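Here the structure comes first, spelled out in structure tokens, and everything after it is commentary.
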Amino acid sequence: MANTLLEQFLRAAGLQHLRRLFLTTGLLLTAAVGAAESPTGPVYSFGVVPQQSATELARTWVPLINLLQAKSGLQLRFATAPDIPSFERRLAAGDYDFAYMNPYHYTVFHRQPGYQVFAREKDRLLKGIVVVRKDSPYQALADLRDQTVVFPAPASFGATVLVRASFAGQHIAITPKFVSSHDSVYFNVARGFYPAGGGVIRTFENLEPATRDQMRILWTSQGYTPHAIAAHPRLAAGTVKRLQEAMLALDNDPDGRAVLEGIGFKGIVTAGDADYDAVRNLHLELLEPPTEN
């Protein structure tokens, strides 16, 4: 089961060349939770926003998908994209049956093609941050005036939208530079390639200590409802309910708590569309939902 999910992930991310590396190191096989009996029936794709590197996403999310298969009886295929803009295009096309997406993405792709949130992370608000090297002289956002600040993607809600809005609100001019993921932002800042970068608390906390300890958080935004776990409207209500129930039960057993810890979650709770009204009230127009054919 783990091999199958791994190969599916690498194909979805366009990273087939990593197959030999993963299979020889056993990176995923040692972490995956195997199901006692393989689920049968339709295969449902589960898209995960590529906030982190492909290797990190595979290491942490494949064990979760394995356990959700075992608990729900649904056959799930882990999917992602090479970068966040590609993920947005796939959401717009309705490529994913289930998807883990940022709050702003949810408000756009709920309108069309109609993704409906049913769960979210427990006991956390999404907060954007600005990180700098520990040894940098910067102490406030104003110190970054006229500097280049690195971001994962234009429509990354916490890491980009909230951060750039704060700079603009304080009339601090910066030059944005977009890279492929949150991990890429942190790498560039830790190595001193750029003076500062935008991220979110969860991905910063999930960094390897050797990288995280080279940086400090300069600024933190207010909190918003975290990423949505949503279903495409083509799915039957009963199918969504089975996955929701499996997710809600994860923090009630040791295996579930272990895979949740791997993605930095304390648990998963039920969520509804109204939970994202605060994001809608920001009246962001960074992405347009697709038009119906």
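Working from the pairwise distances between different alpha carbons, so that the mean of 1/r is found and then inverted, what is the stretch 187-293's Kirkwood radius in Å? Don't skip to the answer; put the middle values down first.
Details: mean 1/r = 0.0571 Å⁻¹.
With all distinct Cα pairs of the stretch 187-293 included, I get 17.5 Å.
Pop out the carbon and sulfur fraction of the accessible area of the stretch 159-203 as a percent, whole number, probe 1.4 Å.
Details: 940 of 1680 Å².
Using a 1.4 Å probe with all protein chains present, the stretch 159-203 comes out at 56 percent carbon and sulfur.
Work out the FRET efficiency for A165 and S86 from their Cβ-Cβ distance, taking R0 = 25 Å, and round it to the nearest 0.05.
Working from the Cβ atoms, E equals 0.55.
Compute the accessible area per residue over the stretch 139-180, keeping the other protein chains in place, probe 1.4 Å, unit Å².
42 Å²
Under a 1.4 Å probe, what is the accessible area of the stretch 205-293 per residue, stated in Å²?
Working: 4790 Å² over 89 residues.
Solvent-accessible surface per residue comes out at 54 Å².
What Kirkwood hydrodynamic radius do you get for the stretch 90-171 when you take the inverse of the mean 1/r over all pairs of distinct Cα atoms, in Å? Spell out each step's value before the answer.
Working: mean 1/r = 0.0664 Å⁻¹.
So the Kirkwood estimate lands at 15.1 Å.
What is the local net charge at L248, summed over the other residues whose Cβ is closer than 14 Å to its Cβ (Lys, Arg +1; Asp, Glu -1)? Walk me through the numbers before you get to the answer.
Working: positive: K71, R120, K122, K241, R242, R257, K266; negative: E121, D123, E245, D251, D253.
Combined, the nearby Lys, Arg, Asp and Glu give +2.
Which links in K122/K241; K127/K241; K127/K266 stretch past 24 Å when you go from one Cα to the other?
Numbers: K122/K241 18 Å; K127/K241 29 Å; K127/K266 16 Å.
Where the Cα-Cα span goes over 24 Å, the pairs concerned are K127/K241.
Please list, or write none, the aspartates and glutamates whose alpha carbon is within less than 19 Å of the alpha carbon of K134, excluding same-chain residues fewer than 8 places away.
Excluding near neighbours in sequence, the set is D143, D183, E205, E208, D213.
The values are calculated or read from the model by the stated rules, or taken from the named source; none is laboratory data. Since this is a predicted model, take the numbers as computed values, not measurements. Every residue, glycine as well, gets a Cβ built from its backbone with ideal geometry; the counts of neighbours run over all protein chains shown. Accessible surface areas use protein heavy atoms only, side chains included; no ligands, DNA or RNA. Shrake-Rupley method; radii C 1.70, N 1.55, O 1.52, S 1.80 Å.
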